[in-house]
Structure formats: structure tokens, C-alpha cells
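Encoded as C-alpha cells, the structure appears first; notes follow it.
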């Protein structure tokens, strides 16, 4: 299994993937620099060397476009914590975590991210404080899906309910009341998996 990647290394692998998937040739160091706004080709060369050491690419240094992809990036961003309790401001985060997204039913990895649960309002769905939740954004939620939601500009993790054309969020712990939006409810994504870190 290849070694974990940094956030910028994931982005470089994805750039290479997108080029190859579109039927184009692999990018040159100069094109990688242009893509990421780097002035020195050494930045691209150093990252490519790291990707080669980690087992994601192989390079033929005699060719300008001699990059061969050995392994696709599966890292997704960690976006900090999400309250499973009263809605609150999400805490920031920018780490990467590795998932085999297809096995969790994620269709668009570009829209996937992970959050750390903070609180106990979702214990009835076996989601506990400290768990990681894999979220896929831009997905239409179905009745009883667990969702990350923005309520009056504050985030929360709750069960999505739909009945007779009405939608609302439900806390899965009798010690917590269901959140009632004052003026805005926006679904940020649907939970695809819960990972318990032991």
C-alpha cells in the first residue's frame, strides 16, 4: 500500500489523473508549476520525487512527459469537527485522510470530505463523540439519511426527515431537542460511513 500523501501531493496526483482520464498526456514539470502557481520547477520536481518514493508514480526522466501513474489518490480533506448536539460553528481542519471511497458508495470523490463528531445527539444511530463521518456533498438526501446541515449559518449532524412535502432534522438522543431553523436550512452533504477510531 502506498504511503500517505500530503494535501498538495493528493492535488498533484489528481491533476495527473484528470489529464490522463481526459485522454491528454501526462503534464510536464512546467505545467504542474503553472497549475499550482509555483515559480520554480524545483517545487514540482521535489513533489514528483516524493510521489515516486511513496509509490504513486513512476518516471522516465528521459521524457518531458514521462510520468506514469501507479496508484490513484484516495485522500479526502478533513474539515474539522461537526457538532452532534446543538448547532455550532464548525471547527476548521485541513488534513487528509485515506478512504477507498467506492466501497462506501461515494460517487464523486471531489465532493467527499470527513468530519470528526463532537457530541452525543446521534447516539441512537450509533454515531458517537470522536467518530469520523464520511460525507458526500451535492447529494439529494433521502428520508432517514444522516446529513451534515447548515442551520442559520451553524453546522450540525442530524437525521434528515421528509414527510408530506415537509423536511426537518431529528436528533437521535432523547436528551436533545430537534433543531428548528430560524431562517435557513441547507444540507451540506449525506453521511456515507462512520469510522470509529479506537
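The values are calculated or read from the model by the stated rules, or taken from the named source; none is laboratory data. Every value quoted in this text rests on a predicted model; they were computed, and no experiment measured them. Virtual Cβ from ideal backbone geometry, glycine too; neighbours counted across all protein chains shown.
Identify all residues within the stretch 1-30 that are exposed (fewer than 12 other Cβ atoms within 10 Å of the Cβ) and part of a helix (DSSP H, G or I); write none if there are none.
Listed by number, the list holds a single entry, 21.
Residue 105 passes all but one of (1) at pLDDT 75 or above; (2) more than 18 Å from residue 195 (Cβ to Cβ); (3) surrounded by fewer than 21 Cβ atoms within 10 Å (Cβ to Cβ); which number fails?
(2)
Can you name the residue in the stretch 31-43 that is within 24 Å of the chain's Cα centre (by Cα) and assigned to a helix (DSSP H, G or I) and, of all such residues, is surrounded by the most Cβ atoms within 10 Å (Cβ to Cβ)?
Among those residues, the one meeting the criterion is 32.
Just give me the residues in the stretch 59-82 being at pLDDT below 75 and assigned to a strand (DSSP E or B), in sequence order.
75, 76, 77, 78, 79, 80
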